[in-house]
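For reference, the structure discussed in these notes is given below.
The values are calculated or read from the model by the stated rules, or taken from the named source; none is laboratory data. Given the structure is predicted, the values throughout are model-derived calculations rather than measurements. All Cβ positions, even for glycine, are placed from backbone atoms using ideal geometry, and neighbour counts span all protein chains on display. These accessible areas exclude ligands, DNA and RNA; they are computed on the full protein's heavy atoms, side chains included. Shrake-Rupley method; radii C 1.70, N 1.55, O 1.52, S 1.80 Å.
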Amino acid sequence: MLALGAELAARGDVVAVACPAHPEFEAFIHRDFPRLYVRSLRGPGRVARLVSLRRIVSALRPDAVLVHGEGDALLAAIATGRRGAVVRRWRVDEQAPHQAPYQAPVARTWRTMLAAGCTRFTTWGLDSMAVSWPGPDPRREDAVSIPSVPMALWIVPPADHDEHTALALRAAARLYHRHPSLRIVLLGDTAALQSTRVHAAALGLTACVKVASLDTLLGDDDLNAAAVWVTAAGDTGAIATLAAMQRRVPVIVPARSSCATMVAAGTTGFVVTDADGSVIAAELTRLFADWAAFRAMGDAAQARAADLYGWSPFVGGAAEFLLRASGTPRPTSTVRPVRTRAS
């Protein structure tokens, strides 16, 4: 949301972020997204936040308010009224009640109906994934001088250890026994990944496992990995998948993950079932020994990410969508991403 808002601001829109008062978060926005204006929601509870948000809306008069979640959509709709529009973005894997993912129209829960009755209300990302990522600077030169496949497997697990992550660790253990120089990097918060680290230790991987921030994957530096195995779901999984593809690294995802549609199996990465651990270990062993195959798969991944999930088309589409939702005839719209606590 912040990256999208910053890009819209760079294109000429006036963009503000409304969020619960939190000095560290506000400082983060000022530091990393200086084009965005920050407005704090004051007071405890939803009523106090509603009053605070109504004051912000009255002062800024936004054309459109972009939110995550049903509770925030209702909060923004009541605060905005007929003075603007509210767009609710559906997260990847977020499922409407009694609906399959990405199946329109949206279920008419009472909160959705009330929001639609208060303002011009629309949804974005239910029929298809509304996701992209800026990616590395396309002007940077490829720093690889000696063709060699990095002996490293990066894993992006969910906060709660699950069977998909266990499968990835078992495959990593097979690889480690064959290639003692293998490095395994778990991406995420150290405290949240405690169960995953314990499982890795039980498989004898303590010496080769380290934990790094997810920002390591999302940054602009070259990605020093032979593959990125993404078992996290939702927006985290989708953006991690995209970030790896943009950096020419093959991606491995579970077959039952929504991210499976992002990967062309055998061409840009691998889509695995619960019984494919040994198969994927064999495929990665082949990649370790075949620079040409590794680079071809990485190039295909980068091309697919640019073609289907390119950042510039995504931002342009978002701007057009928000403009239509606002009903304003102006060529650009004032967009106000709102971040509030979950209901």
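Observations on the structure shown:
- Residue among HIS164, HIS199, HIS177 with the largest mean-square fluctuation in a Gaussian network model of the chain, springs linking Cα atoms under 10 Å: HIS177
- Counting only Cβ charges, +1 for Lys and Arg and -1 for Asp and Glu, the dipole size of the chain around its Cα centre is about 1400 debye.
- Nearest-ten-degree value, helix 70-80 long axis tilted from longest Cα axis of the chain: 30
- The long axis of helix 311-326 is offset from the longest Cα principal axis of the chain by roughly 20 degrees.
- Amide H contacts of ALA21: LEU41, each under 5 Å away and 5 or more positions distant or on a separate chain (H built 1.01 Å from N in the peptide plane; Pro and chain starts excluded).
- Across all directions, the average flat footprint of the convex hull enclosing the Cα atoms of the chain is 18.1 nm².
- The apolar share of the surface of the chain, taken as the fraction of accessible area on carbon and sulfur atoms (1.4 Å probe, ligands and nucleic acids excluded), comes to 54 percent.
- Projected label distance in nm at ARG295 and ARG83, using a 7 Å step from Cα toward the beta-carbon: 5.8
- Helical mean residue ellipticity (222 nm; -39500 (n - 2.57) per DSSP H run of 4+; nearest 500) of the chain: -13000 deg cm²/dmol
- Per-residue 3J(HN,Hα) values for segment 240-253, derived from phi via the Karplus relation 6.51 cos²θ - 1.76 cosθ + 1.60 with θ = phi - 60°, read 5, 4, 4, 4, 5, 4, 5, 9, 6, 10, x, 10, 10, 9 Hz in sequence order (x marks Gly and Pro).
- Interchain or long-range residues, amide H under 5 Å from VAL211's placed H: LEU186
- Segments 6-14, 223-231 sorted - mean Cβ within 10 Å per residue, highest first: 223-231, 6-14
- Gaussian network model of the chain, springs between alpha carbon atoms under 10 Å - residue of VAL271, VAL209, VAL65 with greatest fluctuation: VAL209
- Projecting the Cα positions of VAL209, THR231, ALA301 onto the charge dipole of segment 169-303 (unit charges on Cβ atoms of Lys, Arg, Asp and Glu, taken about the Cα centre) puts VAL209 furthest along the positive direction.
- Taking only the Cα atoms of segment 179-294, the ratio Rg/Rh comes out at 0.93, with Rh defined as the Kirkwood radius.
- Taking amide H as placed 1.01 Å from N in the peptide plane, the amide H of ARG120 sits under 5 Å from that of GLY84, VAL86, each at least 5 places away or on another chain.
- For peptides 288-294, 192-198, sequence by mean Cβ density within 10 Å, most packed first: 192-198, 288-294
- Projecting the Cα atoms of TRP311, THR80, ILE280 onto the dipole axis of the chain, where Lys and Arg carry +1 and Asp and Glu carry -1 at the beta carbon, places THR80 farthest toward the positive end.
- For segment 161-167, the Karplus equation 6.51 cos²θ - 1.76 cosθ + 1.60, evaluated at θ = phi - 60°, returns couplings of 4, 9, 5, 4, 5, 4, 4 Hz by residue, with Gly and Pro reported as x.
- For segment 279-325, the equivalent ellipsoid built from the Cα gyration tensor has semi-axes of 37, 11, 5 Å, listed from largest to smallest.
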